[in-house]
Amino acid sequence: MADSGGGGCPEPPNFPASIAVFKQAYRNWSGEISIDAIWTATAATPQDVVTLANWAHTNGWRIRARGMAHNWSPIGVDPDATCDTPMLLVDTTTNLTAVSVDTVASPPTVTAQTGIDLLSLHTALQGAGLGLTNCPAPGALSLGGALTVNGHGTSVPAVGEQLVQGHTFGSLSNLLRSVTAVVWDPEQQAYALRTFQRSDPEMGALCVHLGRAFLIEVTLQVGANARLRCNSYRSQSAADLFAAPGSGSTAKTFADFLDESGRVETILYPFTDNPWLKVWSVTPDKPFWSREVSEPYNYPFSDNIPVEVSNILSQIVGGNAAITPAFGATMALVTDAGLTGTLSWDLWGWSKDVQLYIKPTTLRVAECGFAVSCSRADLQRVLSEFHQQYLSMQQAYRDRGEYPMNGPVEIRVTGMDRPEDCLMPGAQVPLLSAARPWPSRPDWDCVVFFNILSVPGTPLAPTYYAELEAWFYANYASYAGVRVEWSKGWAYTDAGAYTNDETLQVRIPAAFTAGMPVDADFRAAVDMLDRLDPFRIFSTRFLDRLMPRSADLNADGIVESGDLSNLLLDWGSPAGPADLNTDGSVNGGDIGDMMLRWGERA
Ligand SMILES: Cc1cc2nc3c(=O)[nH]c(=O)nc-3n(C[C@H](O)[C@H](O)[C@H](O)COP(=O)(O)OP(=O)(O)OC[C@H]3O[C@@H](n4cnc5c(N)ncnc54)[C@H](O)[C@@H]3O)c2cc1C
C-alpha cells in the first residue's frame, strides 16, 4: 500500500492487498471544499469496486465515487473530512471509461462505464451518427457524476417540433435504460454487482441518486445526431427578454425565442442591460453566414480570463467591491469583443460542437441553483417576476453599498423527465430529478433553471442567496413548483449554503412528495436506496442529514435530534498565487484562488 501523504493519518485497516491506496488532496470546483489529504483508490475494474465495498462494510468505512470533482454541493465529500475520516474516495475516471455504441438496437443505445467524460461520450456517439438533445455544457464531467444530479442542458420543443426517437427534452438521467450498480445482496450477505432495467422499481431511485449509490456501467438510449446553429445576440435587452406577459412590449421575449427554436440560454452580467443571448436551432444545412465548427469550446474568451477582467477582479478582491458594476460592464465588453474576434456570433456544426462550451479553465465561481417547474404558458411570467426581483435586490444592496453578486445570472429551460420518452414499457420516473413531472400538475411541462454566480467568499453572498431562495419558495408557490439543482448551492442561511434546516428537512422533501403517490415520493426513494445499501456505505454525513433513514424520523417526518452545526462548512484554505499567462491573461482556476483569499479576509 502506497502512502503518498508522508505520515499523518493511519492507513485504512485490513485494506485489500490487490488495490493500491494513497492519500490525495480533494478540491471541489469552487475550492470551497478543499481537503489536503483523503484516502483514495483507483478502481481498475468493476470488481475492484465490489471488493472495496465489502471491505468498507466489514471495516466500518464509507466509499465515495469520485468523478471530476466539478461540483459544488457536499454530496460527494463532507467539507470537514480528513484522512482521519473513515471514508475512501474511489476514482472512476482512470479506468472505468469503456464505451460501446449499438446502432442496430431500436432506439440505438450507448453502453458506457461511469468514469467516462462527457466529451468522450459525445465523440463516440458522433462517430456513430448519434447525439444528445439535452446535455450539460462542460465536456469535463464524468457520466456518473452527471447522472447523479440529473445533468441537463437547455431544450424544450419549439412550436410544432416533434421529439426525435431516442431523445428527450428532459435530463440525461431520463435516457437511462439500465444501470449496473454495486448493491447489497441479502442472499450472499455481501455487496455485489447487479443490473437493473429502467422498468425495475429500483430505477426510480437509481436514475438520480445524489451519491447514495455507486453506478459502474449504464446504457442510455440515444437518437440521430443533429446539426445545430448557435446564434449569439447582445442586442436584446433584459427588459424586453424578461418583459411581463401582456406588458405591451413588441420586442421579442425569451418565450418567443424559445417558441421559435426550443433552445435558449441567457447570461446576464451584473449591472448590465443586455444579456449574452444564445439561441440554438436545428439546422440541417449550413447557413451561408454561419461559421462551421468541428470541435467544441468555441468561446475561448470565456474560458481564459483576459487581463482587463483579471485587473478589475484583483481590485474587487482587494476590497473595492463598489467597482462590481464596472466588472459586469467589462465582462459584457469582453463578450462582444470575443464573439467578434473569434467569429463566433453564428456557429454551425454537430450537436456536440455547439453544445459543449465550458472548459475547466473557466472562472471558478460559486453559484446557487434553483429549478422552477411551470407550464410553458406561464414561463414568461416566471422569468419576468424573477428579473424584477433580481433588479430590486441588486438595487437594494447597492443602496447600502453592498455587492454580494458579482457574477452573471444564467437561465436555461428544459422539458420534464417524462418516462415515456424512454422507449421501454414500464420505464420508471426518475424520482429525485429536478425535472421530475408533477402528477397533480400535468400542465407543468418545463423547468426553468436559474443560476446566479458570485466569487467564492464574497461578503454577504449567503445572506443574498438566503433572501432570494426564500423569495423563490414564496413567490412561485401559487402557480409553479420550486426544486433545487442538486450539484449547486441551496438551503442557504447567513451561515452559507446547505445550512437551512427547513429547506433540507421540509421544502426539499415536499417538492418530491406533494401530489406524488406514496410509493413514489421522496421517502420512497430514500427507502429504496437504503434497501440497496442498508449499511449506508455509499453516503456522507450531509447526505444522512438530507436523506435520513425512515426509522430516524419523528411523526412530523423530520429528524429531531439533528444538529446542523456540525455540518456548517469549514471552508478550506486557498492555494497559491494566481499565475499570469505569457499574454497577461489569467486562467479561471487561478482567479478562483485569488477570490478565495479575498473571501477569507472578508
Ligand atoms: C463549470 C461547471 C459547469 C457545469 N455545467 C453544468 C450544466 O451545464 N448542466 C448540469 O446539469 N450540470 C452542470 N454542472 C454540474 C455537474 O453536472 C455536476 O456537478 C456533476 O455531478 C459533476 O460531475 P463530476 O464528474 O465532476 O462528479 P463529482 O463532482 O466527482 O461527483 C459528484 C457526485 O456524483 C457522485 N458520483 C460520481 N460518479 C459516480 C458513480 N459512478 N456512481 C455513483 N455516484 C457517482 C459523487 O459521489 C458525488 O456525489 C457544472 C459544473 C461545473 C463545475
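Look at the range 83-115 and say how many of its residues are more than 19 Å from Val50 (Cα to Cα) and either touching a Gly at 6+ places or on another chain (Cβ under 9 Å) or in a strand (DSSP E or B) (or both).
Summing the residues that are more than 19 Å from Val50 (Cα to Cα) and either touching a Gly at 6+ places or on another chain (Cβ under 9 Å) or in a strand (DSSP E or B) (or both) in the range 83-115 gives 13.
I'd like the residue in the range 457-480 that is surrounded by fewer than 22 Cβ atoms within 10 Å (Cβ to Cβ) and more than 30 Å from Leu363 (Cα to Cα) and, out of all such residues, is farthest from the chain's Cα centre (by Cα).
Applying the filter and picking the extreme gives Ser478.
State the number of residues belonging to the range 182-203 that are crowded, with 24+ Cβ neighbours inside 10 Å and either over 18 Å from Pro46 (Cα atoms) or acidic (Asp, Glu) (or both).
2
Could you say which residue among Ser487, Ser454 is within 16 Å of the ligand (Cβ to nearest atom), buried (at least 22 other Cβ atoms within 10 Å of the Cβ), modelled with pLDDT under 95 and not acidic (Asp, Glu)? Can you show your working first?
Details: Ser487 fails: modelled with pLDDT under 95.
The conditions single out Ser454.
Regarding Ser344, is this residue within 16 Å of the ligand (Cβ to nearest atom) and either surrounded by fewer than 22 Cβ atoms within 10 Å (Cβ to Cβ) or not in a helix (DSSP H, G or I) (or both)? Full working, then the answer.
On the way: within 16 Å of the ligand (Cβ to nearest atom): no; either surrounded by fewer than 22 Cβ atoms within 10 Å (Cβ to Cβ) or not in a helix (DSSP H, G or I) (or both): yes.
Against the criterion (within 16 Å of the ligand (Cβ to nearest atom) and either surrounded by fewer than 22 Cβ atoms within 10 Å (Cβ to Cβ) or not in a helix (DSSP H, G or I) (or both)), Ser344 does not qualify.
Return the residue satisfying two criteria in turn: it lies in the range 96-129 and is polar (S, T, N, Q), within 13 Å of the ligand (Cβ to nearest atom) and farther than 23 Å from Ile35 by Cβ, and of such residues it is surrounded by the most Cβ atoms within 10 Å (Cβ to Cβ). Full working, then the answer.
Within the range 96-129, the first condition is being polar (S, T, N, Q), and the residues that meet it are 97, 100, 103, 106, 109, 111, 113-114, 120, 123, 126.
Filter again for within 13 Å of the ligand (Cβ to nearest atom), leaving 97, 113-114, 120.
If we keep only those that are farther than 23 Å from Ile35 by Cβ as well, we get 97, 113, 120.
On the way: Thr97: 17, Gln113: 23, Ser120: 16.
Selected residue: Gln113.
Can you pull out every residue in the range 130-158 that is of a type in the set (Val, Ile, Thr) and either more than 18 Å from Ile411 (Cβ to Cβ) or within 10 Å of the ligand (Cβ to nearest atom) (or both)?
Listed by number, the residues that qualify are Thr133, Thr148, Val149, Thr154.
Suppose the filter is under 25 Å from the mean Cα position of the chain (by Cα), more than 14 Å from the ligand (Cβ to nearest atom) and at negative phi; does Gly166 pass it? Lay out the reasoning, then the answer.
On the way: under 25 Å from the mean Cα position of the chain (by Cα): yes; more than 14 Å from the ligand (Cβ to nearest atom): yes; at negative phi: no.
Judged against the criteria, Gly166 is not a match.
Being out of contact with any strand residue (DSSP E or B) (no Cβ under 8 Å at 6 or more places or on another chain) and either in a strand (DSSP E or B) or not hydroxyl-bearing (Ser, Thr, Tyr) (or both): is that true of Ala396 here?
Answer is yes for this residue.
What are the residue pairs meeting all of these: first residue in the range 473-495, first residue among the polar types (S, T, N, Q), second residue away from the ligand (no atom under 16 Å from the Cβ), Cβ atoms under 8 Å, and 6 or more apart or on different chains?
Asn475/Glu385; Asn475/Gln389; Thr493/Pro462; Thr493/Ala466; Thr493/Thr499; Thr493/Asn500
Of Pro419, Pro439, Pro430, Pro408, which residue is in contact (Cβ under 8 Å) with a residue 60 or more places away in the chain and surrounded by fewer than 17 Cβ atoms within 10 Å (Cβ to Cβ)?
Unique residue meeting the criteria: Pro439.
Please go through (1) under 23 Å from the mean Cα position of the chain (by Cα); (2) in contact (Cβ under 8 Å) with a residue 60 or more places away in the chain for Asp117 and return the number of the only condition it doesn't satisfy.
Going through (1) under 23 Å from the mean Cα position of the chain (by Cα); (2) in contact (Cβ under 8 Å) with a residue 60 or more places away in the chain one by one, Asp117 breaks only (2).
Those residues that are touching a helix residue (DSSP H, G or I) at 6+ places or on another chain (Cβ under 7 Å) and closer than 18 Å to Glu385 by Cα, I need them from the range 259-268; list them, please.
Scanning the range 259-268 gives Thr266, Leu268.
Only one of (1) touching a Pro at 6+ places or on another chain (Cβ under 9 Å); (2) within 14 Å of the ligand (Cβ to nearest atom); (3) under 26 Å from Ser302 (Cβ atoms) is not met by Cys207, so which one is it?
(3)
Are there any pairs, at least 6 apart or on different chains, whose C-beta atoms fall under 8 Å, with the first in the range 60-81 and polar (S, T, N, Q) and the second at pLDDT 95 or above and away from the ligand (no atom under 11 Å from the Cβ), and if so, which?
So the pair list comes out as Ser73/Gly489; Ser73/Trp490; Ser73/Ala497; Ser73/Tyr498.
Quick one: what pairs do we get from the range 196-218, first residue over 25 Å from Leu88 (Cα atoms), second of a type in the set (Val, Ile, Thr) and within 14 Å of the ligand (Cβ to nearest atom), C-beta under 8 Å, 6+ apart or different chains?
Correct list of pairs: Phe196/Val179; Phe196/Thr180; Met203/Val179.
Taking the criterion of being buried (at least 24 other Cβ atoms within 10 Å of the Cβ), of a type outside the set (Ser, Thr, Tyr) and in contact (Cβ under 8 Å) with a residue 24 or more places away in the chain, would at least one residue in the range 385-403 satisfy it?
no
Go through (1) buried (at least 24 other Cβ atoms within 10 Å of the Cβ); (2) farther than 13 Å from Ser539 by Cβ one by one and return the number of the condition Ala53 breaks.
All conditions are met except number (2).
For the subset of the range 518-534 comprising residues that are away from the ligand (no atom under 16 Å from the Cβ) and in a loop (DSSP other than H, G, I, E, B), which member is surrounded by the most Cβ atoms within 10 Å (Cβ to Cβ)?
Per the criteria, the residue is Asp521.
Hey, can you tell me all the residues within the range 535-550 that are in contact with an Asp or Glu (Cβ under 6 Å, 6 or more places away or on another chain) and within 12 Å of the ligand (Cβ to nearest atom)?
Result: Thr540, Phe542.
Can you tell me which residues in the range 506-517 are in a helix (DSSP H, G or I) and either within 18 Å of Glu485 (Cβ to Cβ) or at pLDDT below 95 (or both)?
Answer for the range 506-517, where residues must be in a helix (DSSP H, G or I) and either within 18 Å of Glu485 (Cβ to Cβ) or at pLDDT below 95 (or both): Arg507, Ile508, Pro509, Ala510, Ala511.
Restricting attention to strands (runs of 3 or more DSSP E) lying wholly within the range 1-76, give those where 1 or more residues are more than 21 Å from Leu215 (Cα to Cα) and not aromatic (Phe, Trp, Tyr). Break it down into steps so the answer makes sense when it comes.
Values: elements: 21-27, 34-42, 62-66.
The qualifying strands (runs of 3 or more DSSP E) are 21-27, 34-42.
Might you check whether a residue that is away from the ligand (no atom under 16 Å from the Cβ) and among the basic types (Lys, Arg) occurs anywhere in the range 423-440?
No; the residues of the range 423-440 include none that is away from the ligand (no atom under 16 Å from the Cβ) and among the basic types (Lys, Arg).
Exactly one of (1) on the phi < 0 side of the Ramachandran plot; (2) modelled with pLDDT of 95 or more; (3) in contact with a Ser or Thr (Cβ under 9 Å, 6 or more places away or on another chain) is unmet by Ala255. Its number?
(3)
Please name all residue pairs, on different chains or six or more residues apart, with Cβ atoms under 9 Å, provided the first residue is in the range 140-152 and is closer than 17 Å to Pro74 by Cβ and modelled with pLDDT of 95 or more and the second residue is of a type in the set (D, E, K, R) and within 6 Å of the ligand (Cβ to nearest atom).
What qualifies is Gly145/Arg66.
Please give the number of the condition Val372 fails out of (1) buried (at least 23 other Cβ atoms within 10 Å of the Cβ); (2) over 24 Å from the mean Cα position of the chain (by Cα).
(2)
Which residue pairs have Cβ atoms closer than 6 Å, lie 6 or more positions apart in sequence or on different chains, and pair a first residue in the range 348-361 that is aromatic (Phe, Trp, Tyr) with a second residue that is assigned to a strand (DSSP E or B)?
Qualifying pairs under 6 Å: Trp348/Arg229; Trp348/Glu292.
Could you list, in sequence order, all residues of the range 247-280 that are crowded, with 20+ Cβ neighbours inside 10 Å and small (Gly, Ala, Ser)?
Ala255, Ser261, Gly262
The values are calculated or read from the model by the stated rules, or taken from the named source; none is laboratory data. This one's a predicted model, so the numbers in the text were calculated from it and none came from an experiment. Cβ coordinates were reconstructed from backbone atoms using ideal geometry, including for glycine residues, and neighbour counts include every protein chain displayed.
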